[in-house]
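Before any comments, here is the structure.
The values are calculated or read from the model by the stated rules, or taken from the named source; none is laboratory data. The structure presented is a predicted model; accordingly, all values stated were derived computationally and were not measured. Note that each Cβ is placed from the backbone with ideal geometry, even for glycine, and that neighbours are counted across all protein chains shown. Heads up: the accessible areas ignore ligands, DNA and RNA and are worked out on the full protein's heavy atoms, side chains in. Shrake-Rupley method; radii C 1.70, N 1.55, O 1.52, S 1.80 Å.
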Amino acid sequence: MTSEAAALLIICILIAAAAALMIRQREKERRALFEKKSRDSFGTTPKKVRSAEELAQIRAYADERAAKHDDGHFAVDDITWNDCDLDGVYNRINRTMSGPGEEVLYSWLRMPALDKMALEKRSGLIRFFSSSPDVRERTERCVYDIGYARRGSVYASLRKMKSAKDHGAGKYIASGLFTVLSIVLLFIVPALGVLLLVAAMLLNAVIQIRARSDGASCIEAFSLVIAMMKAAERIGKLEAGTGEDAEAFVRQKEHLSDAARELAGFRRGAAFVTSSSHVGTGIGDMLISYVNLFFHVDMIRHDGMLREVRKHEKAVETLFDGLGSVDAAIAAASFRQSLPYACALSAAPAGGQTSGSGQSLSQAESAAAPAGKTGHPAAYIRALDMYHILVSGREPVANSIDAEKGVLITGSNASGKSTFLKTVAICAILGQALDIVPAREYSAPFFRVYSSMALTDNLRGGESYFVVEIRSLKRICDASEDESPVPVLAFIDEVLRGTNTIERIAASSEILASLDRPGTLVFAATHDIELTYILKDHYTNVHFGETIEGGDVHFDYRLKPGRSDTRNAIRLLGASGYKEAVVRRAADAAEHFEKTGEWKL
């Protein structure tokens, strides 16, 4: 070897060593930055907000689980989800660090647990991470390295492997041999070798692009599986400590380790697949990427890896769900700490407190569900100081309720009726999804939750608001009449507002009366005071009020017992700047109607 060649070789080695040191230092700084971010952000409101389009992709896992119906889950339907702004609730909780975490957290909210055992699998992990900061931070680092799918959801990407076709390795082997031939010719016939090497580079680039654009390769899904295997192996080495909640983490570690071992054969040649996708940032990964570009080792391994992952499909699902669960549990633990106060589902209420309906919470002798009539499950809610987690710009007003039969809520617009309905619904869903209720005390059975609140015309389907509304109410009636052992919790805002007053009162009173049945608890808001009299034997009357002082309207958003008995709706016209004559005539017309049953103009 000549001195010039030796010098060139030394320079190349020094450059490579310097690059390796720089990459290692950058990775060390990146890790330190992540750890600081993890500690500082725990217990705060998440900054990332997923758009409606992103959430439509994230829901893939929840949709498939709901479609299977093999685990006894009830799924919150789209009407209820939109009524309660559960997209916003999800974003308020979503501090996850990986694609599986995002999708599992979403599935927990979409499919609240229906029994204590199912809920305990989630809540045990959440409690463990709440009390074990060191393990929590190391676990977060493991799941963070999984990353996200480039397009769509991680689960959808993994499911593509199920229907992917084998595409054969022959053309990739031939292309790689052509590259080897061109390199050999560089030392025999340099001019021809250079020409063939350029041709090989172009050919390889075209083959790589086509292999990915035609969907024949599952490289990204393979990379995600490998990343999940690495995360599972690293989590499996973490020490969990002792205690009942630690057992939940230990069980999860064991499931993950077993799944990773089952997929051990999948890892042969995995380094080449990993570096051809989004996983891996070291100098070794860069070198392997060039090897893949020229010799297509990742494509040659494609069919073998596809067969292996199909053979162990259950293990892949275990990795996804297990890693997603620990990530989602950490996000839920952070959410719990960010709240001013919260309690667990069915926490036994303390005695002597008064609910918004004027009833004593001490009526509850235990957290267990009382026996229902005629064998049906009991439907009740006893809650102290519930609040809405999405109220912004001011401190949320807390309200209490003790309901063993339906609740009818009256009050003027903007007084708090709809917000209260959503508060109770969100508390029920969060309690069953995460065992976290934004309240001081909360006792209730497991529910199937439905709502009919923020409806709109179905213009594309050619349906009026009224038709959309009666269809929405019909699904609640059907659920209340089925033989499910799980009671129904329903929320209805302004029953049948899409029709005239006489028919609205006649029809809505019959619908609400029919929902007063064992195994069903209804919270309904209305402006029709007539319903509070018609349904007085079926529903407990409560209301929200307001005061008008000096032309200004003041709402306290406090739930009060009894029906609303104010005439503030007409007084609000004056407070809003309407002419005094208009306000006076409106008041006279209302008084005349109450006395005679006839309207005058």
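Table for the structure above
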| item | result |
| --- | --- |
| Residue in the range 504-518 that is least open to solvent (accessible area, probe 1.4 Å), counting only those that are among the small types (Gly, Ala, Ser) and closer than 15 Å to Lys405 by Cα | Ala513 |
| Meets criteria (closer than 22 Å to Met228 by Cβ, hydrophobic (A, V, I, L, M, F, W, C) and either within 11 Å of the chain's Cα centre (by Cα) or crowded, with 18+ Cβ neighbours inside 10 Å (or both)) for Leu125 | yes |
| Verdict on Val135 being surrounded by fewer than 21 Cβ atoms within 10 Å (Cβ to Cβ), touching a residue at least 40 places away in the same chain (Cβ under 8 Å) and under 24 Å from Ala227 (Cβ atoms) | yes |
| Residue count, the range 541-567 (criterion: open to solvent by less than 50 Å² (accessible area, probe 1.4 Å), of a type in the set (Phe, Trp, Tyr) and part of a strand (DSSP E or B)) | 0 |
| Qualifying position, being among the small types (Gly, Ala, Ser), under 20 Å from Val250 (Cβ atoms) and touching a Gly at 6+ places or on another chain (Cβ under 9 Å), among Ala118, Ala149, Ala60 | Ala118 |
| The range 481-503, subset in contact with a helix residue (DSSP H, G or I) (Cβ under 8 Å, 6 or more places away or on another chain) and open to solvent by 10 Å² or more (accessible area, probe 1.4 Å), residue farthest from Met453 (Cα to Cα) | Thr499 |
| Residues (small (Gly, Ala, Ser), modelled with pLDDT under 80 and either part of a helix (DSSP H, G or I) or surrounded by 15 or more Cβ atoms within 10 Å (Cβ to Cβ) (or both)) located in the range 568-589 | Ala569, Gly574, Ala575 |
| Condition met for Ser362 (at pLDDT below 50, open to solvent by less than 70 Å² (accessible area, probe 1.4 Å) and assigned to a helix (DSSP H, G or I)) | yes |
| Among the candidates Ala240, Ala329, Ala246, residue that is touching a Ser or Thr at 6+ places or on another chain (Cβ under 9 Å), among the aliphatic types (A, V, I, L, M) and at pLDDT 95 or above | Ala329 |
| Meets criteria (buried (at least 16 other Cβ atoms within 10 Å of the Cβ), modelled with pLDDT of 95 or more and among the small types (Gly, Ala, Ser)) for Ala369 | no |
| Yes/no for Leu531 being in a helix (DSSP H, G or I) and open to solvent by less than 70 Å² (accessible area, probe 1.4 Å) | yes |
| The lone exception for Asn91 - which of (1) at pLDDT 95 or above; (2) open to solvent by less than 10 Å² (accessible area, probe 1.4 Å) it fails | (2) |
| Selection within the range 504-563 - touching a strand residue (DSSP E or B) at 6+ places or on another chain (Cβ under 9 Å) and β-branched (Val, Ile, Thr) | Ile511, Thr520, Val522, Thr526, Ile529, Thr532, Thr540, Val542, Thr547, Ile548, Val553 |
